[in-house]
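The next block holds one structure in the form of structure tokens; read it before the comments.
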Amino acid sequence: MSHQPFAGKAAMVTGASSGLGAAVVRRLAAGGARVYAASRDQERLAAVARDAADLPGEVRFGPLDVAEPASCRAAVAAAVEEFGGLDVLVNNAGRHDFRRTTEVTDDQWAHDIALNLGGVFACSQAAIPHLLEAAGGAGNIVNVASVAGVMGEAYSAAYTAAKHGVVGLTKALAVEYLREPLRVNCVCPGGMDTPQVHSIEVPDGADWDLIMRVSAARGFMSAESVAAAVCFLASDDAAAIHGSVQLVDQGHLAG
């Protein structure tokens, strides 16, 4: 990225310690942004910050457990304190666990919904007052859902329900803030080659053909390619895009 579309802007990225979150942090920093990277894993966040040290922007980091609303509020407050304001929020944190529906416990259901949907709401709720104050009315939120947010996925009842919720939340916020200077959009990636993919566990006897129905038609994408779409939506180049749900799946759902 030779130019700096995020020069002077402050951003917060959740789930920033690896995979797509780390790729978004790097791309924002390459574009000149001051980025607050948030996650539970402080060692890996420190590594992400070191890797971005030679980029035009700046990366600082702090703790976040998106399944806990109080932690979401504290992280947003820390980002605002670090940079004096907030222009961009990327709600990326989440986790996909495969379980047979009949074996999901009450605690697992509640945690999956809190992690994949509740955190998006809590971080957005805390950030919106600051995003509305962004210079030039350029504040925006980019939510990361999944192709499982627009179609069903086997052995993933809670994850699929949560990601559909992220899509619905995106649209609800877009309408609520239609007359105010805030943009809210959503990216729905297909299969990505990230560390989480390599640690997936599936139920015994699971049907792999059903599981792979949501993978990308041309194989797994790089996190960097999806980060490019996220950062486009977060940039002023996407000023006319509000309330959109962008499929980033290499044509998987095209036919």
Review point. Tell me, Val230, Val104, Val248 in order of fewest to most beta-carbon neighbours within 10 Å?
Key: Val104, Val248, Val230
Point to revise | Contour minus Cα-Cα distance for Asp204 and Thr102 (0.36 nm per residue) | key: 35.4 nm
Study note, to complete from the structure: Taking a ≥ b ≥ c as the square roots of the Cα gyration tensor eigenvalues, with a/c under 1.5 meaning rounded and otherwise prolate when a/b beats b/c or oblate if not, the range 46-93 comes out prolate
Revision key, fill the gap. In order over the range 98-105: 3J(HN,Hα) from phi, Karplus 6.51/-1.76/1.60, θ = phi - 60°, whole Hz, x for each Gly or Pro, gives 8, 8, 5, 4, 6, 9, 6, 7
Practice item. Tell me which residues come under 5 Å, amide H to amide H, from Val35 once H is placed; ignore anything under 5 positions away on its chain. Key: Ala11, Glu58, Val59, Arg60
Review point. So how strong a dipole does the range 10-248 carry about its Cα centre when Lys and Arg Cβ are +1 and Asp and Glu Cβ are -1, to the nearest 20 debye?
Key: 420
Revision key, fill the gap. So, with points 7 Å from each Cα along the Cβ direction, the Glu81-Ala46 label distance in nm works out to 2.0
Check your understanding: Among Val167, Cys231, Gln4, whose Cα sits farthest toward the positive end of the charge dipole of the chain (+1 at Cβ of Lys/Arg, -1 at Cβ of Asp/Glu, about the Cα centre)?
Key -> Gln4
Study note, to complete from the structure: Counting all Cα-Cα pairs in the chain, those more than 28 Å apart amount in percent to 27
Revision key, fill the gap. Note to self: C-alpha centroids of the range 52-109 and the range 131-163 sit apart, in Å, by 13
Practice item. Springs between alpha-carbon atoms under 10 Å, Gaussian network over the chain: tell me which of Arg40, Arg50, Arg179 tops the mean-square fluctuations. Key: Arg179
**Study point:** the chain, helix-only ellipticity at 222 nm - DSSP H runs n ≥ 4, -39,500 (n - 2.57), divided by all residues, nearest 500
**Key:** -11500 deg cm²/dmol
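Check every DSSP H run in the chain and write down those whose alpha carbon atoms cover 15 angstrom or more along the long axis and whose mean Kyte-Doolittle hydropathy is -0.5 or greater.
Counting only whole DSSP H runs, the qualifying helices are 19-30, 69-83, 119-131, 157-176, 223-234.
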**Study point:** Placed amide H near Gln246: partners under 5 Å, 5+ positions off or other chain
**Key:** Cys186, Val187, Cys188
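Values in this text are rule-based calculations from the coordinates and carry no lab data. Only a predicted model underlies this, so the values are computations on that prediction, with no experimental measurement involved. Ideal geometry is used to build each Cβ from the backbone, glycine not excepted, and the neighbour counts take in all protein chains shown.
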